[in-house]
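Working notes, beginning with the structure itself.
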Amino acid sequence: MPGLIRRNDIDEVRSRVNIADIVGDYVALRGAGVGSLKGLCPFHDERSPSFHVRPQVGRYHCFGCGEDGDVFTFLQKMDGTTFTEAVERMAARIGFELHYEDGGQANSDHGNRARILGANQAAADYFVAQLASPGAEPGRLFLGERGFDPSAAQRFGIGFAPKSYDALSTHLKTLGYSEAELLAAGLVGQGDRGIYDRFRGRLVWPIRDVTGQTLGFGARRLLDDDQGPKYLNTPETAVYHKSQVLYGLDLAKRDISRGRQVVVVEGYTDVMACHLAGVTTAVATCGTAFGVDHIKVVRRMLGDVENADSRGLGEVVFTFDPDEAGQKAASRAFGEEQRFAAQTFVAVAPDGLDPCDLRLSRGDDAVRRLIRTKKPMFEFMIRRVLGAYDLDTVEGRVSALRASAPVVAGIRDQALNIGYVRNLAGWLGMDPVEVGRAVAAAKGKTPQEPQAPAARRQEEPQQPQQQEDGPSLMRLPTDPATRLERDALMAMLQQPDAVGKDLVQRATQVPYANASLAVVRDGISVSMDAFGTPGWIERIVAEVPAPFATLVRELTVAPIPERPNRDISIYCKAVATDIVERDLLRRKAELLGQSQRTDQAAEPEKYRALQVELVRVEAERRALRTE
């Protein structure tokens with residue numbers, strides 16, 4: 001057993017490794033001020049970046065979930081390594097020789113994860129060597145028929161698993177790997193007569209993580225007497241989780257981050273075809289549908305941030321086969337579309353060809369043109385719905401409107417929603433006003449096929465989300481109404497003297513659209529007797545239900561969104577005034593509506609009272625503006 005790594009060596013490795021390079025393998029990092037980088041946190045799901053990295057001090061911190069540490073901590077949490085493994089891995093990366101207490105040596109067998117990764121890499125090397133063997137002729141023929149030459153096979157690490165029950169396991173045993181380790185890696189299976197090679201007589205693709213480590217394999221059936229599935233993947237292991245890995249991400253990550261685009265295809269050969277054709281941002285799932293965990297990985301690579309400045313800057317392009325499975329995949333992708341801040345598109349090749357067949361039949365430029373001529377996801381799904389109806393008949397158009405209205409209603413971006421109402425009216429040849437009414441009626445209903453999340457609007461208060469740790473500032477919606485309510489509460493909590501007691505009281509008597517923020521508003525309202533005292537905030541915390549205490553504290557310390565060198569007190573009073581004025585504007589609109597519906601001759605007193613109230617509300621608005 002080796003001794004402990006010397007403390008001086010640990011400190012030396014830590015100081016020499018640039019933590020931004022390591023974190024950058026997992027997260028797209030962008031500038032966040034002098035000496036700081038930020039990106040989407042890899043430890044929790046978020047729509048705005050709260051994960052900060054400071055290379056000069058060698059540390060990271062997430063303001064969203066509180067995760068914090070150095071490069072070794074990061075590797076331990078991301079890859080499940082031990083501390084010793086993390087230090088040794090970084091030392092190997094920079095070519096630094098470690099020294100151990102009591103003259104010990106590095107343990108080459110440390111850690112189950114390291115052994116699995118080592119076995120996988122040894123297997124990958126073995127498969128690559130076997131591709132040149134006589135028995136691999138079917139594999140070479142398969143690649144050649146699809147337009148892949150030996151250099152392409154080398155670029156993607158493709159190999160061949162011999163048609164043998166123990167060729168691979170025998171080879172790996174000679175390298176010192178035990179049967180238990182091979183089973184743990186998923187390289188062999190267990191039968192009545194002992195272990196047997198999982199992959200036999202198949203073409204093999206290595207599936208790697210973003211750092212290039214081989215996590216598992218995907219193997220394609222080649223031989224007629226192979227009764228197994230067309231594609232056979234590594235089972236779930238300590239390092240391979242199919243719902244979290246994307247084939248080709250190790251090759252595509254830099255261009256994904258640089259170009260803010262990812263292309264999601266359906267197969268390994270499609271990834272190869274895209275990369276060889278110059279679409280170097282292509283990735284594919286590994287034997288499973290594109291799901292929530294894949295979205296988290298892609299968003300981190302894209303730096304997929306949702307805010308007013310960067311929403312829609314990134315692109316996620318899906319390619320789908322025209323068969324039933326491809327259409328189901330399209331529906332699933334559409335159902336998850338709104339998890340992205342980036343724009344989503346669909347690329348469908350002519351004649352229903354996948355990227356591999358398209359490149360083979362029409363060349364590299366056809367693959368590049370396929371991605372260039374992509375269609376927005378919403379347009380694709382709406383047209384797909386319309387395609388099921390006869391639009392030459394009134395009945396068909398009406399039925400098509402009823403089926404497609406929920407899809408448009410699910411578009412949460414207001415500008416896009418309005419645009420697609422107009423487009424849908426044009427495609428149907430119907431009055432835009434009529435289409436708009438149908439879409440408005442569909443809001444709040446659950447779309448049928450295709451399934452899409454209903455857009456959450458802020459006209460009516462929502463029920464607070466029930467989460468284990470209660471509402472959080474980071475999880476609030478980003479629509480203008482919620483932002484105004486959030487900023488007003490921050491101003492009142494952080495700068496109560498600047499806002500003033502009278503204005504705080506008025507601002508806590510108006511309706512709030514966001515139910516979680518409304519709870520905080522009520523907590524302030526019932527604590528006004530303690531306004532201005534040192535214990536005011538804690539009194540509010542005590543008044544709100546326990547799950548909302550964290551939200552109060554976050555609102556109390558979050559940065560107020562005002563530019564430096566500006567008078568913060570002016571901003572705070574103005575934003576609190578805005579929340580009151582918003583309510584007065586709402587009240588004015590209600591009174592005008594009631595006045596228009598009242599017959600002045602039949603109900604003169606009611607009409608007069610409405611006019612008096614209108615004058616009072618307008619006077620209050622003007623007084624607020626003057627203040």
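Structure notes:
- Look at the dipole of the stretch 242-287 built from charges on Cβ: of 267, 277, 249, the Cα furthest out on the positive end belongs to 249.
- When 253, 501 are compared by accessible area at a 1.4 angstrom probe, the order from most to least is 501, 253.
- When the chain is described by a simple charge dipole with +1 on each Lys and Arg Cβ and -1 on each Asp and Glu Cβ, the residue from 174, 546, 604 located farthest towards its positive end is 604.
- Residue-averaged [θ]222 nm for the chain, counting only DSSP H segments that reach four residues, each worth -39500 (n - 2.57): -15000 deg cm²/dmol
- The magnitude of the dipole of the chain, with charges of +1 and -1 set on the Cβ of Lys/Arg and Asp/Glu and taken from the Cα centre, is near 1120 debye.
- Here the chain carries DSSP beta bridges of which approximately 75% are antiparallel, counting only pairs with both residues inside.
- The computed percent of Cα pairs over 48 Å apart for the structure shown corresponds, within (i) 16; (ii) 29; (iii) 36, to (ii).
- Sulfur and carbon atoms: percent of accessible area, the stretch 133-285 [1.4 Å]: 49 percent
- Annotation: residue 97 carries an accessible surface of approximately 130 Å², with a 1.4 Å probe and no ligand, DNA or RNA atoms counted.
- Each of the peptides 399-410, 506-517 was scored by the mean count of other Cβ atoms within 10 Å over its residues; in descending order, highest first, they stand as 399-410, 506-517.
- Acute angle (nearest 10 degrees) that the helix 515-525 long axis makes with the longest principal axis of the chain, alpha-carbon atoms: 50 degrees
- Tilt relative to the chain, helix 604-626 - C-alpha long axis, 0 to 90 degrees, to 10: 60 degrees
- All lysines inside 30 Å of residue 163 as judged from Cα atoms, apart from same-chain residues fewer than 8 positions distant: 173, 230, 242
- For the chain, the residue among 421, 314, 91 whose Cα projects farthest onto the positive side of the dipole built from Cβ charges is 421.
- Student exercise, the stretch 107-227 dipole from Lys, Arg, Asp, Glu Cβ charges, in Debye to nearest 20: 220 debye
- Accessible area of the chain divided out per residue, in Å², using a probe of 1.4 angstrom: 48 Å²
- Heavy-atom SASA rank of 537, 116 (probe 1.4 Å, accessible area, largest first): 537, 116
The values are calculated or read from the model by the stated rules, or taken from the named source; none is laboratory data. Since the structure is predicted, the reported quantities are computational estimates derived from the model, not experimental observations. Reconstructed Cβ throughout: ideal geometry from the backbone, glycine too, with neighbour counts over all protein chains shown. Remember, those area values only see protein heavy atoms, side chains included, never the ligands or the DNA or RNA. Shrake-Rupley method; radii C 1.70, N 1.55, O 1.52, S 1.80 Å.
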